[in-house]
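Here's the structure, in structure tokens; my notes come after.
The values are calculated or read from the model by the stated rules, or taken from the named source; none is laboratory data. Every value quoted in this text rests on a predicted model; they were computed, and no experiment measured them. A quick note on method: Cβ atoms are made from the backbone with ideal geometry, for glycine too, and the neighbour counts reach across all protein chains shown. For accessibility, only protein heavy atoms count, side chains too; no ligands or nucleic acids. Shrake-Rupley method; radii C 1.70, N 1.55, O 1.52, S 1.80 Å.
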Amino acid sequence: MADEILLVLSTFPDLETARRITRDLIDKKCAACANILPSIESIYRWQGKVEEGNETLVFFKTSASQFEELQKMLLQLHPYETPEVIALSVEAGLPAYLQWVTENAAG
């Protein structure tokens, strides 16, 4: 496998925003695919207050070489002032699937 695979997590305010941005990132080959979890409850501290609300979580599968572009595009398209962008290295997986991610997340 030529490129490290990353699982990138990001939350969105609603399902439609998550779908729109995800489609754009897939179209631009910033990620090979994404899974959208439409309803999660988030509790967090923001500007000195504890907040809570419903959000949509997206798991993006991408190559390490596309991470900077994915992050850049998320920052441009995302409605949050400081969006969640967390990347986790994929340590193992079905080789054919990981190869597919590499091939489909290439700029």
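Take the alpha carbon gyration tensor of the chain, find the square roots of its eigenvalues, order them as a ≥ b ≥ c, and report rounded if a/c is under 1.5; if not, report prolate when a/b exceeds b/c, else oblate.
In terms of gyration-tensor shape, prolate.
Using only Cα atoms, find the angle between the long axis of helix 95-104 and the longest principal axis of the chain, and express it within 0 to 90 degrees, rounded to the nearest 10.
Helix 95-104 sits at roughly 70 degrees to that axis.
With the other protein chains left in place, how much accessible area per residue, in square angstrom, belongs to the range 1-97 at a 1.4 angstrom probe?
On a per-residue basis, the range 1-97 sits at 60 Å².
To the nearest 20 Debye, how big is the dipole of the chain about its Cα centre, given +1 on the beta carbon of each Lys and Arg and -1 on that of each Asp and Glu?
It comes to approximately 160 debye.
Compute the helix-to-body angle for 15-27: its Cα long axis versus the longest principal axis of the chain, expressed 0 to 90° and rounded to tens.
Value to nearest ten degrees: 30.
Quick one: with all protein chains in place, what share of the accessible area of the chain is carbon or sulfur, to the nearest percent (1.4 Å probe)?
52 percent
Mind checking the range 1-88 for GluC sites (Glu not before Pro) that DSSP puts in a loop (not H, G, I, E or B) and that have at most 16 other Cβ atoms within 10 Å?
E4, E81
Counting helices only, and only those DSSP H runs with n ≥ 4, report the 222 nm mean residue ellipticity of the chain as the sum of -39,500 (n - 2.57) divided by its residues, in deg cm²/dmol to the nearest 500.
-9500 deg cm²/dmol
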